[in-house]
Structure formats: C-alpha cells, structure tokens
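Participant: One structure follows; several queries about it will come next.
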Amino acid sequence: MSENLRKKLTLFDVFCIASGAMISSGLFILPGIASANVGPSLFLSYIIASFLVIPAVFSKAELTTAMPKAGGDYFYITRSMGLAVGTISGASTWFSLSLKGSFALVGMGAYISLITNLPIEIIAVFLCLIFIIINVIGVKEAGIFQRILVIGLLFGLFAYIFYGFRSVQLSRFTPFTPFGGGAVFATAGVIFISYGGLTKVASIAEEIKNPGRNIPLGMFFALIIVSILYALVIFVTSGILEPDKLYNSLTPISDGAHVSMGIWGGIIMAIAAILAFVSTANAGIMSASRYPIAMSRDKILPSFFSKINVKFNTPHISVIFTGIFMILSILLLDLEILVRTASTFLILIFIFSNIAVVIMRESKIQNYQPKFKSPLYPWMQIAGILTGLFLIFEMGLLSYIIVGIFIFVGLIWYFIYVRPNTKQEFALIHIIERITAKDLTSNFLGSELREILKERDDIVEDRFDYLIKQAYILDLKESISVEDFFKRVACILGEQLDIDSYEIFYLLKKREEESSTVIRPGLAIPHIVVKGKNKFNIFLARCKKGINFPGDKKVYAVFVLVGTKDERNFHLRALSAIAQVAQNPNFDEAWFNAKGEDELRDIILLAERRRIKKK
C-alpha cells in the first residue's frame, strides 16, 4: 500500500476547512456558556483571542510551508525539538482536535434533539459514524462536502448580523464588565479553542496543492473573516437577548435569531448551527486522523496506522481509530471539561509552534526554506509564547491535572516504546553543535527536508540534477592559484572521463587566457570541449579564501563543465541552469555557510530553475 497522500485540496478548500472548523461550537454553543462568566463584554474576549492567536498563525504558516507533511504541527515540532516532545505534541494535538470534533458533535446533537427529542449522545454517535464513512471514502469528497457547508453557513451568519443589528439594545451592554476586566482575559482563554481550525489546516498540508501559497493565504483569510464574524455575531446576540436567557444557553444564536427574525429566523439559524457543527466534525476527523499517520511513520505508533487504503487513497485505519475515540469522549466526558481540556492542549501546541520557529531559524539548517516567513521575528514568537503561558495560567486546576497526566503518560510511552525503537535527528541538536563547535549531527534532517522541498515544489530531477548528484566536489581550505586549481581538476576529471589529464589542463588554461570565465565577482564557470563522444561531466569547487584567477579576481564558487562536441546543446543548457542557480540572491551566503558536500549539492538541486528534459 502506498504511504503517499495525493494533493487534491485547493486554496478554497483550505479556507473552508479552517473557517468551517472555527465556526461551530465556538459560535453556536460557547457564547451562552462563556457569557455567564464575563457578561456583555464577551465579544471583546473573542476579539482579544483573535489577536492572541496571530503569532501562532504566523509561526504555523512558516513551519507548514517549509514542511507540508501529514501531521502538521506534530511533524515540525518533532523535527525541531525531538521525539520526546514530538510524542507529547502529536498525541496532544490529536487529542485536542478529536475532543473539539466531539464537542461539535454534541452541539449538533443538542440542536437536532430540539426537533427529534432523541438523546443528544445517540445523535452525536450516529453522526460521528457518518463522518467516519465520508472520510474513509476520500479527502476530496470530504473537501467538497466542506465547501458546501461553509458557503451555506456564511450566508446564514451574514443574514443574522444584517437583521440582528436592528434589534440590538445598547442598554444590555451596561454594566459592560460586571465580573471585572480579568474575566474578559480569562474567558479569552476558554474560547481559544474556537481558533483550533487553524491547526487542522497544518495537519492536512501534505494533501494541499501548491502548499507554499495556499496554506498561508487560506489561514489568513479564514482568521480575518471568522474573527470579524465572531465579533459581530456575539455583539448582536448580546444586544438582543436578555442576560437570563443568554447565560448558559446551548442554542444562543438560534435564540437570538428567533427574537430578531421571528420563528423562521430561529429555524434558519438552527439549520446554520447544524451546518457549522457538521463542518467542524467533518474537519475534525479529517485533520485529527492525520496525526497517527505521521507518528506511525516516525515509529512512535505501530506501523499499521500509516496504511493508506488502495481504493480510496485515504488513511482508513487512522480515520476509524480517531472516530472511535470521538465516540467514547462523547459518551464519557462532561461538556465543560471537554472544552477546557481541549483549549489547554491547543494553547500548549501553539506555544510549541512558536518555539519551533525559533529553533528552526537558529539551527541554520540550509534546507529549512519556508515559502512564507513570519514577520517581526523573534518578537512575534516571544509574544506568542508569553500570551500562551498566560492563557494556560487562566485555565484552572482541573485542566492542569488532565494535561499533566497526559504528558506523564506520553513520556512513559516514549521511554518504553519509542526510544528503544527509533532515533530522530532534530534542529535543537544543530544549535547545540554550533555553540559547542562539536560534530553532533549527520545530514539526516537536511536530507529529509530536501525530499520534502522536492515534493513541495514538484521538482522532477533532470539530467543536470543527476550530474550534480554525481559531481566531484573540491572544498578547499586555503587560497590557491588558478593554475594549481586547474591541475587538480584535470587529474580528477581525466580519470572520470578516461581522457589525458594534461589535455584537460591545457584546454582549461587556454580557455582562461582567451577570455575570463569569471562571470561575476566570486563565481567562475570554466567550460571546455574535449575529443570523443557522449562524454559530459561537471566539477564543483568551493574555496572560502578564494582561488586567484587572472586580473586579481578572487573566486569562491567554481563550476567546471567538460564535454564532447556532440554534447554541445546540453553544454549550453547546463550553462543556463548554472546561471539561474547563481542568480538566487542568497546563493553566495548559502555557498559559504554550507556544511560539507551534501549541503553544497542541495543548494543547486533545490534551486528554482527551468528543468532540462532528458534527451
């Protein structure tokens, strides 16, 4: 069975998955519960929470565009901080997303029970089984389903805002903070789970087309639009309903619509609420199920979790496992405990994401190449870490106990099962290596990131790439004359091409005398034509102290091309490819800072250029 997931999701799918996952329990159930603790200033808590999540959104966008793999934040947290933290973060995120999905199913059950009189838990379990089937059938089908839900939901909410503003009574906002200003911030922590949809996008990154563009744009659009919707809908609801009716209501938006739009308005918003819960539950199973895949690939969980269904190309075992857990949480957990625990785990993961950006950047790993870079680094990440810690502090003792037990169990699993079976190089070790000046790492992480970048950018290797992978690399520590350099090149290429080394030396020297091959400061491309047929080779060299070319020109990067006359067309294409690679504004810095041959090759292999088709 293939372990690769197909890229089927577009920018609109990303937006719909993120926004649909946010607009549900956070809007249709939480306002009633939360308003009992904060009063009419609840909309301000939502606005504060939306600003507090911005650092994590920037960090997630950067990390996910650098490593668009199944498992999202688990994957990049593991690559930055190691398997111990990765075990905890992966399990925590899966746990949080699954609980959020369960919360949505309970909310959906609450609305449907008003019509059917069936027990909420029975309805929620039945719906969960339906979503399991949908997600086993295929992610594209689940994505189309998500689009329909979100479009209908947005239309309903905008209608609610439009009609509701006419019924708002400003007197209901006095007193504005009956429970004190501290309650506004404490409530922001409780409703933080409302922004968990942004985490879901990271988890399905491997299945998104053009992830470097579509992931950050989809996340930003979703955050902006949903934050505005949250504030407006909560403001309207608080201004319409009497406090006694709003506080602790499980159907606050439907109640508000009933007042402002009549009985049909209440019915319409009840339908919109159901669509929202369907959207979140569907996105919850879709995204949470990707974490066991990623953890299985890293041998943190048994290998069967990463199996992909041959017929549907979906992780059926992981989907079913996640669905079963959601069913159990629906039947066994209290609603408020569900919310607080999921929020605490979510905040913890957001803190880890901010820390991961700092570690990845400071590790100076060459192949860490995000398409989007967080602005205001590192202050944005520091702000995210501090606000996250503040929000966790506000979550209460029971949440601490549950999270503490979860982390303890995770560490036991790591030491008993994970550590004896697998090892993983991570970026934090690279930072320690830089500080201690000791060789502590291999190029395993760099190689893994290289393969991720090739997949992300749809790089199909051509003949030039093959030659670069086979090329001899001379990494000189001391300055050298161009004549001595050509002698060394001639000896190596002569043996590889089965050509007299003196002939190569003579041609290189003659070529340089006729016209300089230094095409710009620091870069030279000596290229010659030799006798024979079907021969072509590339030789790479770096000299940090400079090779002394004629005219007092110091050269630090050299590409030597040697080929026979029948290879003339490819010779020209190779020259063009090198020129495109060297035009990268970061080329010189990367060439100087590369650690060894593998990183020097990767600079060329991963560069943006037109690929040369094989002959």
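The values are calculated or read from the model by the stated rules, or taken from the named source; none is laboratory data. A quick note: this is a predicted structure, and the numbers were derived from the prediction, not measured. All Cβ positions, even for glycine, are placed from backbone atoms using ideal geometry, and neighbour counts span all protein chains on display.
Participant: Only one of Val460, Val482 is of a type in the set (A, V, I, L, M) and surrounded by fewer than 16 Cβ atoms within 10 Å (Cβ to Cβ); which?
Facilitator: Criteria check complete, one pass: Val460.
Participant: Give me the pairs: first residue in region 484-502 and in the same structural domain as Ala471 (by TED's automatic domain parsing), second residue of a type in the set (Asp, Glu), beta-carbon distance under 7 Å, and six or more apart or on different chains, which are they?
Facilitator: From residues that are in the same structural domain as Ala471 (by TED's automatic domain parsing), the pairs are Gly494/Asp500.
Participant: Do any strands (runs of 3 or more DSSP E) entirely within region 513-559 hold 3 or more residues that are in contact (Cβ under 8 Å) with a residue 60 or more places away in the chain, and if so, which?
Facilitator: So the answer is 536-549.
Participant: Can I ask one more? Being out of contact with any Asp or Glu (no Cβ under 9 Å at 6 or more places or on another chain) and aliphatic (A, V, I, L, M) is the filter; apply it to region 548-573 and report the residue that is farthest from His527 (Cα to Cα).
Facilitator: Out of the qualifying residues, it is Val555.
Participant: Quick check on Leu44: is it out of contact with any Cys (no Cβ under 8 Å at 6 or more places or on another chain), in contact (Cβ under 8 Å) with a residue 60 or more places away in the chain and of a type in the set (A, V, I, L, M, F, W, C)?
Facilitator: For Leu44, the condition - out of contact with any Cys (no Cβ under 8 Å at 6 or more places or on another chain), in contact (Cβ under 8 Å) with a residue 60 or more places away in the chain and of a type in the set (A, V, I, L, M, F, W, C) - is met.
Participant: Looking at (1) among the aromatic types (Phe, Trp, Tyr); (2) surrounded by 24 or more Cβ atoms within 10 Å (Cβ to Cβ); (3) out of contact with any Leu (no Cβ under 7 Å at 6 or more places or on another chain), which is the only condition Tyr230 fails?
Facilitator: Result: Tyr230 fails condition (3) only.
Participant: What helices (runs of 4 or more DSSP H), lying completely within region 423-481, carry at least 2 residues that are under 19 Å from the mean Cα position of the chain (by Cα)?
Facilitator: Per the criteria, 427-436, 444-456.
Participant: Additional query: Can you tell me how many residues within region 267-286 are surrounded by fewer than 20 Cβ atoms within 10 Å (Cβ to Cβ) and under 20 Å from Ile33 (Cα atoms)?
Facilitator: Matching residues across region 267-286 total 0.
Participant: Inside region 32-47, can you point out the residues that are in contact with a Ser or Thr (Cβ under 6 Å, 6 or more places away or on another chain) and more than 10 Å from Phe176 (Cα to Cα)?
Facilitator: Gly32, Ala34, Asn37, Ser45, listed by residue number.
Participant: Inspect all residues belonging to region 152-168 and state whether any of them is among the aromatic types (Phe, Trp, Tyr), part of a helix (DSSP H, G or I), closer than 21 Å to Ala202 by Cα and in contact with a helix residue (DSSP H, G or I) (Cβ under 7 Å, 6 or more places away or on another chain).
Facilitator: no
Participant: Would you pick out the residues in region 241-255 that are surrounded by 14 or more Cβ atoms within 10 Å (Cβ to Cβ) and part of a helix (DSSP H, G or I)?
Facilitator: Once the filter is applied, which keeps residues that are surrounded by 14 or more Cβ atoms within 10 Å (Cβ to Cβ) and part of a helix (DSSP H, G or I), region 241-255 yields Lys245, Leu246, Pro252, Ile253, Ser254, Asp255.
Participant: Exactly one condition in (1) touching a residue at least 60 places away in the same chain (Cβ under 8 Å); (2) in a helix (DSSP H, G or I); (3) over 21 Å from Gly72 (Cβ atoms); (4) of a type outside the set (A, V, I, L, M, F, W, C) is false for Gly384; which is it?
Facilitator: If we test Gly384 against (1) touching a residue at least 60 places away in the same chain (Cβ under 8 Å); (2) in a helix (DSSP H, G or I); (3) over 21 Å from Gly72 (Cβ atoms); (4) of a type outside the set (A, V, I, L, M, F, W, C), just (3) comes out false.
Participant: Follow-up question, since we're still on this one. When both residues are 6+ apart or on different chains and their Cβ atoms are under 6 Å apart, which pairs have a first residue that lies in region 595-615 and is within 13 Å of Gln583 (Cα to Cα), and a second that is modelled with pLDDT of 90 or more and of a type in the set (Gly, Ala, Ser)?
Facilitator: Ile603/Ala590; Arg609/Ala577
Participant: Pull out all pairs, ordered by first then second residue, where Cβ-Cβ is under 8 Å, the residues are six or more apart or on different chains, the first lies in region 118-133 and is over 14 Å from Gly323 (Cα atoms), and the second is surrounded by 13 or more Cβ atoms within 10 Å (Cβ to Cβ) and modelled with pLDDT of 85 or more.
Facilitator: none
Participant: Next question. Answer yes if at least one residue in region 65-73 is modelled with pLDDT of 90 or more and β-branched (Val, Ile, Thr), and no otherwise.
Facilitator: The answer is yes; a qualifying residue exists.
Participant: Surrounded by 14 or more Cβ atoms within 10 Å (Cβ to Cβ) and touching a Ser or Thr at 6+ places or on another chain (Cβ under 9 Å): does that describe Leu428?
Facilitator: Yes, satisfied.
Participant: Looking at (1) surrounded by 14 or more Cβ atoms within 10 Å (Cβ to Cβ); (2) in a helix (DSSP H, G or I), find the lone condition where Lys510 falls short.
Facilitator: Of (1) surrounded by 14 or more Cβ atoms within 10 Å (Cβ to Cβ); (2) in a helix (DSSP H, G or I), only one is false for Lys510: (1).
Participant: For residues that are free of Cβ contacts under 8 Å to residues at least 60 places away in the same chain and surrounded by fewer than 16 Cβ atoms within 10 Å (Cβ to Cβ), scanning just region 570-583, find the one that is nearest to Val555 (Cα to Cα).
Facilitator: Gln583
Participant: Exactly one condition in (1) surrounded by fewer than 18 Cβ atoms within 10 Å (Cβ to Cβ); (2) modelled with pLDDT of 80 or more; (3) under 16 Å from Gly107 (Cα atoms) is false for Lys307; which is it?
Facilitator: Tallying (1) surrounded by fewer than 18 Cβ atoms within 10 Å (Cβ to Cβ); (2) modelled with pLDDT of 80 or more; (3) under 16 Å from Gly107 (Cα atoms), Lys307 fails exactly one: (3).
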